[in-house]
Every structure is written in structure tokens, then in C-alpha cells.
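**Q** Let me begin by handing over the structure; questions about it come next.
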Amino acid sequence: MMSLLVVTAIAVAIVLGYKTRINIGLFAIAFAYLIGSFVMGMSPSEVINLWPLKIFFIIFSVCLFYSFAIVNGTLEKLSEHLLYSCRKVPYLLPYAVFVTAALIAALGAGYYTVLAFMAPITLLLCERTGMSLIVGAMAVNYGALGGANFVSSQSGIIFRSLMVNAGIPEETAFINSFGIFASTIVIPLLVITGFLLFSGHKQSMREAAFNISAPTPFTKDQKTTLWLTLLMMGLVLLAPIAHLVFPQNDTISFINSKMDIGLIASVFSVIALLLKLGDERKVMATLPWSTIIMICGVGMLISVAIKAGTVDLLASWISANIPAVLVPVAFGVVAALMSLFSSTLGVVTPALFPIVPAIAANLSIDPMIIFICIVAGAQATSISPFSSGGSLLLGSCPTEQSRSALFPKLLFKAAPLGFIAALVFNFVLTFCL
């Protein structure tokens, strides 16, 4: 009975958030308090302690540092330079958009930020070059998603933190994150390539010509910001990789044990402020507060579900009723359906990741396979016009006519194509590993 109440609360929070456009995390906090204190007998302090402080600190500190590159225009300037380099090979433009979006997102901009400034550029290029709206939308959307999944970028950090909170060891979570990143880069590349090859679009793009003005050079502050970003990424990645290669080396093990991406990002934020690479108030204002509240709020409600035994009960039901070989694929389908109307970062992964370790242990499945299937499925349908990614793309259309043309293409072509590709990939991954 208690588990049913908590599951209902999670579903109601998602529905209310979607219908009212109020942050789902706020509804989740309210339900966590009402159920935790008045039904389960927890004290208010115990409910407050369910706030995932470590995840909050990591997202806050990392996004704070990466915000300097957004505020002073470093990432936008980088995207202009990368797209300009492709002006003489227009048929490679979809790949240029994809790689540019992925690179900018991997450098820390995050999915929503990349879409905010790259989607208008991409859709404008579609008008100038004749590039299909659906190809342009898929290239920028899935490129931003895949890049943001890099282990030192926003989504990758969130996935790692959720895995660690679910009981996965740090090193294993690091490896799992690489698996998620690689998978979400490969799937859309295959889809875009297939679309170009079998739709005749490549030939029409080969014959296209477009003019794009040469971007201005990087300023001194932008160059410094770019080097600082690369240096931080190197520090964050070098220690755990070295520890994986040389696990018996005491010096490397000691250094790796002292590495924390949140604390490192905090130090780099202080350096950026001392170098005056951005206005502190503007940097603070660009932080993804809505996403942070959503993730942490849903995390509180999921913690109530764990205390109520809901997660263990659900894991047992799945283990008993779904064939082991189909469990990862089933998770991918559920994630895809949830993502049609909700956020992958704020709802889908916080809700599904905690269930994975128990199911993987019961069925002797590598947890990484299930984690990859969840993210691949969820991000496949994020381009739906009812999801956050599709909504941003529609809002970036330069004209009402292009917006009307893009809506059915996102709903009836892009989202189904992404879902089918992710489903096939999940089947291959499940049966081959």
C-alpha cells in the first residue's frame, strides 16, 4: 500500500509539472514531505536530509565554472569558427552541426544552453542551404545530448552521481559514464548517415552553396577561458584514467582519492573570477537552477520511495515477470515513453537509476547495459515537440511557417526514427554483451 502511494505521488508530480508548467521538483518536495512526515512518521529534519546535497554541490560548482564560457561568449564564438570551417563542403554540414554541438556541450555548456544558441543558427542554415529541417534538428539536438553526456560535462556528471547514490562504486560509475557517452554519440551518427544516404539528401547538399561570414577572432579573455576549461577537463579525467591503468600505484591512487570534480570546479571558478573572465552576478544568473531543483526535488521523493521499500519491490517484480534478456530493452522503452513528456535529467534517470543495481544483481546483468539502455531510450524521444528539446527547437524557428513545418516532422519522423534506432541499438547491446 505504501509503495503504491509513493509511485502514485511520483506519477502525479510528473503530470502536474507537465500540465501546470511548474517545476516537477517542487511538487516532488511537497509529496516527499507529506508522505514522509505524515504517512511514514519521519521527522521534518529527516525529510530535509533527503535533499541530495552531494549532487546539488557538484552540479552547482561545475555549472558555475562553465558559465564563464557562456557569459563571455567563448562557446558561441567557438561554434561560429567550427561552422565557418565547413563552408566549402556543404554536404558535410549535418556532421559539422552535430560535432560542433557535441564539442560545445562536452566543454561544459550543457544540453539546454547549446540548443539555446545553436538551434537558431542551425535552422537558419537549413533555410540558406536547403538542408532538411529534420536533419538539422536531429544533428543539433542529438549532438548536444551526446556531448553533454561526456563524463566531465553536465549530464555525464549527473549520471555518475546518480549511479554512485544508487550504490555503484565510483570507478565503475566512471566507466559506465563513458559507455553512455560513447553510445549516445554513435546512435545519432548512424541515424544521420542513414538518412543522408537513403533520402538523396546528400546529393542535394553537395550541390548547395551558402555564405557564412567569417567570425571575429577570440578575445584574450575567451582564449584564457578556453584554456582553463581544457585544463580542468584534463585534471578531472587524468587521475581516474591513470588509476584504471595503474591500479596498484600508491601515488596515483592517493591523488585519485583526492580528486573531486565539484571542488576542482570551485577552485577554477575562483581563478576565473580573479582573472575577471566574467561578471559574477551574470555567471550566477546563468546557472540551471530549474534543472537543479528538479533533480534534487525528485531525488528527495525517490529517497522516500527507497525508505518505503518501493524500489526493492519494483525490482523484485521486474525480475520475476520480465525475461532477463529483455530487461534492458524494457527499461529503454519505459525511459523513451517517459521522456516524451518529461526531462531525462530531472525525472527519467533519477526515477529509474536507483532500481538498476538490485535488478542487475538478481538477474546477473551488467548494470552498465541497463544504464545505457535507459539513457539511449530517454534521449531518443527528447526531440519530441512535447519534450524540452523539441520545444526549444520549435521556439528557435525563424518564421511561423518553418515552425509549422517542423512540428509534424519532429513528432512523426524524428522522434520515431530516434526511438527505433535506440531500440535496435539496445537489442544489439543486450544480446551481444
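The values are calculated or read from the model by the stated rules, or taken from the named source; none is laboratory data. Note that this is a predicted model, so its numbers are computed, not measured. Reconstructed Cβ throughout: ideal geometry from the backbone, glycine too, with neighbour counts over all protein chains shown. Surface accessibility is based on the protein's heavy atoms, side chains included, excluding ligands, DNA and RNA. Shrake-Rupley method; radii C 1.70, N 1.55, O 1.52, S 1.80 Å.
**Q** How many times 2.2 N^0.38 Å is the alpha carbon radius of gyration of the range 306-364?
**A** 1.12
**Q** If you count only protein heavy atoms and use a 1.4 Å probe, how large is the accessible surface of residue 289, to the nearest 10 Å²?
**A** For residue 289, solvent-accessible area is about 100 Å².
**Q** Could you tell me the ratio Rg/Rh of the chain? Both radii from Cα atoms, Rh via Kirkwood.
**A** 0.97
**Q** Among 252, 175, 374, which one shows the highest mean-square fluctuation when the chain is modelled as a Gaussian network with alpha-carbon springs under 10 Å?
**A** 252
**Q** With every protein chain kept in the model, how would you rank 74, 193 by accessible area, 1.4 Å probe, largest at the top?
**A** Solvent-accessible surface, decreasing: 193, 74.
**Q** Measure off 7 Å from each Cα along the Cα-to-Cβ vector at residue 231 and residue 11, then give the distance between these two points in nanometres to one decimal.
**A** 5.3 nm
**Q** Per the 1.4 Å probe, what fraction of the accessible area of the chain, in percent, lies on carbon and sulfur atoms?
**A** Carbon plus sulfur share of accessible area: 69 percent.
**Q** Another question, then. Determine the per residue accessible area of the chain with all protein chains present and a 1.4 angstrom probe, expressed in square angstrom.
**A** 43 Å²
**Q** Can you tell which of 100, 317, 407 lies farthest toward the positive end of the dipole of the chain, using +1 and -1 charges on the Cβ of basic and acidic side chains (Lys, Arg; Asp, Glu)?
**A** 407
**Q** Shape call for the range 234-350 from the C-alpha gyration tensor, a ≥ b ≥ c root eigenvalues: rounded (a/c under 1.5), prolate (a/b greater than b/c) or oblate?
**A** Verdict is oblate for the range 234-350.
**Q** If the cut-off is 12 Å between C-alpha atoms, which aspartates and glutamates fall inside it for residue 54, apart from same-chain ones fewer than 8 positions away?
**A** 260
**Q** If a/c stays under 1.5 just call it rounded; otherwise compare a/b with b/c (prolate if a/b is bigger, oblate if not). Do that for the range 1-140, with a ≥ b ≥ c from the square roots of the Cα gyration tensor eigenvalues.
**A** Cα axes put the range 1-140 in the prolate bin.
**Q** Can you list the residues of the range 214-250 with backbone N under 14 Å from a point 7 Å past the Cα of residue 171, pointing along Cα to Cβ?
**A** Of the residues in the range 214-250, 239-250 have backbone N under 14 Å from the label point off residue 171.
**Q** If one computes the Cα centroid of the range 120-136 and of the range 284-318, what distance in Å separates the two points?
**A** Their Cα centres are 37 Å away from one another.
**Q** Using only Cα atoms, what Kirkwood radius does the range 52-287 have, in angstroms?
**A** 18.8 Å
**Q** Grab the Cα-Cα distance for residue 401 and residue 178, subtract it from 0.36 nm times how many residues apart they are, and report the gain in nm with one decimal.
**A** Result for the pair: 76.3 nm of gain on full extension.
**Q** Assuming R0 = 25 Å, what is the FRET efficiency of residue 2 and residue 326, from their Cβ-Cβ distance, to the nearest 0.05?
**A** It comes to 0.30.
**Q** In nm, to one decimal, how far is the modelled label at residue 244 from the one at residue 220, with both set 7 Å along Cα→Cβ?
**A** Spacing of the two 7 Å Cα→Cβ label points: 4.0 nm.
**Q** Let me ask you something else. Report the label-to-label distance for residue 85 and residue 273 in nanometres (one decimal), using points 7 Å from each Cα along the Cα→Cβ vector.
**A** 3.4 nm
**Q** Need the C-alpha centroid separation for the range 164-182 versus the range 331-374, integer Å.
**A** 13 Å
**Q** Given the protein chains as shown and a 1.4 Å probe, how many square angstrom of residue 391 are accessible, to the nearest 10?
**A** 60 Å²
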